[in-house]
Every structure is written in C-alpha cells, then in structure tokens.
1. Could you grab me the full set of residues in segment 169-186 that are modelled with pLDDT under 85 and open to solvent by 70 Å² or more (accessible area, probe 1.4 Å)?
2. Quick one: which residue in Leu448, Leu457, Leu405 is in a strand (DSSP E or B) and either aliphatic (A, V, I, L, M) or open to solvent by 40 Å² or more (accessible area, probe 1.4 Å) (or both)?
3. Tell me yes or no: at least one residue of segment 422-432 is in a strand (DSSP E or B), in contact with a strand residue (DSSP E or B) (Cβ under 7 Å, 6 or more places away or on another chain) and closer than 18 Å to Ser344 by Cα.
4. When you look at Gly417, is it crowded, with 16+ Cβ neighbours inside 10 Å, free of Cβ contacts under 8 Å to residues at least 24 places away in the same chain and of a type outside the set (D, E, K, R), yes or no?
5. Is there any pair linking a residue in segment 158-186 that is farther than 19 Å from Gln228 by Cα to one that is polar (S, T, N, Q) and not in a loop (DSSP other than H, G, I, E, B), with Cβ under 6 Å and at least six apart or on different chains, and which?
6. Which is more than 17 Å from Ile269 (Cβ to Cβ) and either part of a loop (DSSP other than H, G, I, E, B) or in contact with a strand residue (DSSP E or B) (Cβ under 9 Å, 6 or more places away or on another chain) (or both), of Ser150, Ser183?
7. What single numbered condition from (1) at pLDDT 90 or above; (2) surrounded by 16 or more Cβ atoms within 10 Å (Cβ to Cβ) fails to hold for Ala213?
Amino acid sequence: MGLDGKNKKRLLIFALVPILLIVPFLTDDVILRVISAIILIIYAGFIIFLRDTNKADLVSLENEIKYDEPTILRQNKIEPDFGEEIKIIGNKEIEILTAEDLRSTINQRGKDLLKPADLKQNYESIVNEELPADVSQDEQFGFVLEKILSVVKDAYMAHTAAFFWYNQKRKRITLERFVSSSSQITKQKYDLDDDIIGKIILNEEPEILSDIALNAESDIIKYYNQPQGIKSFVGVPFYYEKTLMGVLMLDSKVPDAFGIEQVYSLGKIVRVISVVINLFEKKFAETQAEQRLKTLIDIFSFDKKFADDIELISSIETAVKGLIDWDVFTFIIYNDKEKKFITSKIINNTSLKYIGNGLEIDLNNTLVGKSITSAKPIKIDDTSQENILPRFSKSEQISFDGSFLAVPLSYEKKIHGVLCFESLKKSVYSNNDVMFIVNATKIFAFILHSYSVVNLLKDIIVHDVQTNALTYDAFIERVNIELFKSNELRLQGALALIKIDDLLEQESLFEENPFPKIINSVAATIKEEMTPLNIFGRINEKIFAVYFFNTSPKDVYVWAEKLRIKIARKTIPVSSKQSTFTVSIGVASTTGKEDANDVIKNAELALNKALEIGGNKVIKSS
C-alpha cells in the first residue's frame with residue numbers, strides 16, 4: 001500500500017527523533033550532547049503543541065457545524081485520515097408520537113393484561129378480613145404476626161419466614177409463628193443450642209448465610225423435621241423495650257439470596273412488630289369490660305387463701321377498682337371478737353378531708369348503720385341536702401358532699417361487711433349501677449363469712465392442721481405454764497426457733513409449689529428428735545418452736561446442731577426430683593423468765609443473726 005503525502009511528512013518528522021537520540025552516544029563532547037537534548041525537548045514540545053492545537057480547532061469546528069443537513073468542509077485545512085471518512089447512507093424521518101397514539105397504546109396494554117374476573121372480590125376479602133373473635137390477646141397477636149410474615153416471605157421470595165420467642169429464664173426457644181412452602185415445619189420448643197437461631201440469641205446480632213452445605217444443614221438449621229436443601233439464611237434479633245425477646249428469620253433454597261439490605265429491612269419489620277405488641281397491650285388494658293371481668297375473676301379464683309386481713313382487704317380493694325367509678329372507697333368489716341363494725345380500708349383519691357381507719361360505725365342515725373340494720377343498699381344522690389344522716393358516725397368530719405352508695409355484704413341473714421362508694425359528682429349512681437354492684441359483690445359476702453368462720457375455728461383449735469404442732473396461742477399458753485413450774489422449782493430451760501431458709505432459687509426449679517412437702521418433712525424430723533419433756537409449736541408459716549424443760553441452753557445448742565445437719569442431709573421428693581433444704585436455728589435460755597413472749601423475742605434475735613450470715617446456722621443468744 002502506497003503512502004500519501006501526509007503520511008510521508010509524518011515519517012520524515014518522526015525519523016529525526018532516533019537521530020537526535022543517537023547523537024549523545026556517538027560523541028564525547030558534552031556541548032553536543034546538551035545541544036542534542038535541548039533540540040529533542042523543543043522538537044517534542046512542538047509536536048505536542050501542534051497536535052493539541054489541531055484537536056482544539058477540531059472541537060471548535062464541530063461546535064459550529066449545523067446538523068440540519070450533512071456538510072463536508074474542505075477549505076478549513078481539516079481533512080480526515082485515510083479510512084476515517086463519514087458516509088451518509090440515508091435520511092430517515094423522525095417518528096413523532098401524538099396524544100392519540102399514546103391513548104391507543106394505553107388501551108392496547110389494558111387489553112393485553114389478563115385480569116381475573118374475581119380480582120376485586122379476592123382483594124376485598126383480604127383487606128376486610130377480621131380478627132378472630134372470642135380468642136385471647138395472644139391468639140389475636142399471632143394472627144397479625146402471621147400476616148406480617150406472609151408479606152415478608154412473598155416480598156423476598158423466601159422459602160420460610162418465621163418468628164421465634166426466647167425465654168431467658170428457662171433458656172428455651174419457641175417457634176411461635178411461621179409461613180413456609182414446606183410441610184416439614186411445625187410449632188415446637190427446644191433448648192438454646194449452637195444452631196443459627198441460638199447463635200443470633202447468644203451474640204445478639206444479625207446473621208447471614210449465603211451458601212449452606214447440604215451435609216451441614218441439619219446442624220445449622222433445626223426448625224425443620226428433615227433437611228430441605230436450604231442454601232441462604234438471614235435472621236435478626238427481636239427486641240421489645242430494649243430486651244431480647246426473640247428472632248425473626250428468612251431462608252431460601254437459592255444461594256446468595258439475602259444480603260445486608262435484607263438485614264436492615266428486617267430491622268424495620270422488627271420495629272413494626274414491637275409497635276403492634278405495644279398497641280395490643282394498651283388496647284386490652286384500657287377496655288372497661290375486660291377490667292370488670294378481670295376483677296371478678298380475681299375474686300372467684302380458688303388460688304386465693306385469704307390467710308389474713310391484709311390479703312383479704314387487698315383482694316377486695318383490687319376488685320372494686322374496676323367495678324364502678326368512685327372518688328372515695330370505704331370497706332367496713334364486722335369484728336367478731338369486739339362485736340362491732342369498724343372501717344378497715346379507706347382509699348381517698350381526693351385531697352379533701354375524710355374519715356380514718358378503725359372508726360366504729362354508729363348503727364343508729366347513720367346511713368351505713370341504716371344499711372346494716374335493714375340489710376339493704378342505700379343510695380344518696382346529694383349528701384348536702386337537709387335532713388341527710390351522717391355517713392358513718394355522728395362525730396365524723398367530712399369536708400365534701402356528692403353521691404353516696406352503701407352496699408351491705410349479707411350471707412345467711414348476717415351482715416359481714418359494707419362496701420361504700422362516694423363521688424364528688426351528684427346523682428352519679430343509677431339504679432342499674434346499684435343492681436350491678438349488689439349482684440357482683442355477693443361473692444364478697446360468702447368470702448367474709450368463710451373467713452370469719454375460719455378465724456373462729458382457729459381460736460378453738462389448738463393444733464396446726466397441717467403439722468399437728470401447737471398453734472401460736474396454744475404454744476404460748478403451754479410455755480407460760482412450764483416457765484412458772486421452772487421458776488418454782490428453780491430449774492433451767494431453753495427454747496429453739498427453727499426457720500426454713502428461703503426457697504427463692506429452689507422454687508424456680510419446680511412446676512408445683514414444694515413448700516407443703518418441705519413443711520411436713522421438717523416437722524416430722526423435729527418430732528423424731530423430741531422427748532416427752534418438749535413442747536412443739538408452729539409460730540408462723542415458716543417457723544417452728546421447741547421448748548425444753550429442765551435442759552441447759554448448751555445441750556439445746558448441741559441438739560439444734562444435730563437437727564440442722566439431719567435436715568440438710570435429708571432428701572425430699574418434689575416433682576419427681578430428690579432435693580434437699582436447710583434451716584436456721586436460734587436458741588435462747590428460759591431460766592428466770594416468766595413470759596414466753598420475752599423468750600421468743602430473744603430467740604428471734606439469735607435466729608436473725610443466723611440468717612444474716614447466710615442461713616443454715618445455729619446461733620445461741622447470750
């Protein structure tokens with residue numbers, strides 16, 4: 001191929017470059033070397049300068065070219081290189097879309113889309129689906145959670161979306177809800193392990209697996225009944241009120257199905273679920289019907305023993321809070337020993353002056369007295385009216401007026417107490433409210449009746465029903481007699497208080513309450529070590545007392561130490577488990593004492609010292 005004129009010029013120009021490079025090697029003259037180097041630098045600069053100038057001229061020329069029609073310039077000293085010519089092979093008109101074309105395109109797309117005939121019906125059935133009726137709060141939350149999991153699964157094309165609860169106390173994981181394409185997954189509970197769910201809980205951080213080996217799937221993923229060929233997994237910890245409560249996860253049979261963006265998205269879903277839980281709690285806590293039902297159920301519960309006045313009054317106080325609106329509540333109980341009605345509990349939600357606890361009710365010429373003697377409820381719409389009797393007593397000092405309601409608690413024609421409600425608003429209680437309170441509080445009358453009967457029986461019975469030990473009053477009476485004998489005969493003696501150590505740690509290990517079996521076992525062990533000269537009594541729920549006639553405190557200390565060791569080594573079967581428990585013992589001398597209560601106080605001081613140093617000790621008072 002021949003060279004044109006322009007290419008020949010280029011060849012001659014670039015041929016000078018090797019010559020100028022060779023000159024420094026052919027001469028030893030420093031001046032010639034310097035001159036050759038300078039010329040080479042200048043020569044290279046001209047080449048670069050002229051080349052950049054041509055490019056700038058070309059760019060400027062292109063900006064001035066009009067594209068209305070093709071134009072070839074020949075007079076501006078710009079000529080294309082060989083083979084770089086631009087050839088125009090045709091001139092096609094530009095197609096322009098009009099509004100009519102766009103409308104026809106949209107209509108055509110609508111015709112091409114396959115729209116099911118029942119699309120609207122199916123959509124409305126989804127959006128209008130109601131929460132399950134007559135189910136618990138947990139089941140309603142499970143329904144909502146399942147819908148959320150279904151959306152998450154479809155959005156990320158996952159194989160399974162699941163939510164796990166975590167019980168920190170028992171270290172157990174519960175598969176609460178799931179939406180899966182597999183039938184080999186069921187609700188289950190299992191202990192915290194080193195699988196992927198356990199790892200998320202232990203580390204409290206998200207986990208991503210991109211390529212799970214087939215032979216490792218059963219070790220990593222344990223919520224399936226058999227391997228599913230899972231390749232990808234992503235799971236995040238679930239927090240509620242900054243406490244780890246569970247795990248939200250997705251898995252897939254496709255490798256690399258999840259990434260960091262899915263972790264952040266699941267974090268948003270976790271926040272939504274926590275908000276839903278909060279809303280559910282508020283909804284059920286603020287429902288009046290549920291509150292009334294809850295208070296009644298608390299009263300009807302058979303788990304309540306009403307062992308003392310405090311527990312009884314506390315239960316009634318809790319119940320009345322949800323039954324009716326009031327500003328002041330007064331509970332009046334009949335005292336069988338003193339044969340009179342007294343105020344036992346007063347809740348004043350106002351800052352105004354009212355009566356106090358322990359006030360004796362005047363049965364004559366008072367509102368509550370009239371309610372007691374007639375066994376009928378009394379409703380006063382306005383206590384400020386003239387000729388209105390005092391509420392409780394002629395000497396009462398109450399600084400406000402309003403509505404007043406007194407409901408007697410009657411069982412078998414006997415009044416056991418009165419419930420009094422007072423409001424600052426006038427005419428606030430209707431006849432329907434009165435009938436509701438009367439019917440809802442009938443169980444209170446039966447509870448008070450049973451409670452009074454039990455207290456009367458306790459005063460009559462001298463032995464504890466559970467352990468056959470003497471009751472507190474009977475034990476004090478017997479010990480006082482023995483102290484009198486000892487002082488007359490100038491004999492020494494001692495008393496030991498035996499307390500079962502706290503069972504807080506042990507109670508969490510058993511499904512049932514182990515205390516009754518422990519009490520019986522400890523009582524039986526004490527009886528085995530007693531002699532006919534001892535008096536055995538039960539001071540309270542956890543404390544036994546043993547009196548020793550004509551025995552030195554030193555010998556009683558040795559006896560107590562042997563008893564402590566024997567009880568600690570004795571196994572007690574509780575919930576199919578063999579467990580051991582300990583006692584602490586305080587020993588006090590009875591020499592020269594005349595009152596059993598004083599001896600018990602000294603023994604209690606020694607017992608408290610034993611408890612302060614950790615329990616399972618015997619301490620003798622000085």
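The values are calculated or read from the model by the stated rules, or taken from the named source; none is laboratory data. Just so it is clear, the structure is predicted and the values come from calculations on it, not from any experiment. Neighbour counts run over all protein chains shown; Cβ positions are idealised from the backbone, glycine included. We work out accessible area using only protein heavy atoms, side chains counted, and drop any ligands, DNA or RNA first. Shrake-Rupley method; radii C 1.70, N 1.55, O 1.52, S 1.80 Å.
1. Residues of segment 169-186 that are modelled with pLDDT under 85, as a first pass: 169-170, 186.
Scanning segment 169-186 gives Lys169, Arg170.
2. Numbers: Leu448 fails: in a strand (DSSP E or B); Leu457 fails: in a strand (DSSP E or B).
Result: Leu405 is the single residue among Leu448, Leu457, Leu405 that is in a strand (DSSP E or B) and either aliphatic (A, V, I, L, M) or open to solvent by 40 Å² or more (accessible area, probe 1.4 Å) (or both).
3. As a first pass, look at segment 422-432 and keep what is in a strand (DSSP E or B): 422-423.
So of that shortlist, the ones also in contact with a strand residue (DSSP E or B) (Cβ under 7 Å, 6 or more places away or on another chain) come out as 422-423.
From the residues that got through so far, the ones that are closer than 18 Å to Ser344 by Cα too are 422.
Looking for residues that are in a strand (DSSP E or B), in contact with a strand residue (DSSP E or B) (Cβ under 7 Å, 6 or more places away or on another chain) and closer than 18 Å to Ser344 by Cα, one finds at least one in segment 422-432, hence yes.
4. Details: crowded, with 16+ Cβ neighbours inside 10 Å: yes; free of Cβ contacts under 8 Å to residues at least 24 places away in the same chain: no; of a type outside the set (D, E, K, R): yes.
No.
5. Close Cβ pairs satisfying both conditions: Trp165/Thr174.
6. Values: Ser150 fails: more than 17 Å from Ile269 (Cβ to Cβ).
Selected residue: Ser183, the only one of Ser150, Ser183 that is more than 17 Å from Ile269 (Cβ to Cβ) and either part of a loop (DSSP other than H, G, I, E, B) or in contact with a strand residue (DSSP E or B) (Cβ under 9 Å, 6 or more places away or on another chain) (or both).
7. (2)
To keep it simple, each residue is scored yes or no on (1) among the polar types (S, T, N, Q); (2) at pLDDT 90 or above.
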site: Val465; (1), (2): no, no
site: Thr471; (1), (2): yes, yes
site: Arg478; (1), (2): no, yes
site: Phe484; (1), (2): no, yes
site: Asn487; (1), (2): yes, yes
site: Lys499; (1), (2): no, yes
site: Leu503; (1), (2): no, no
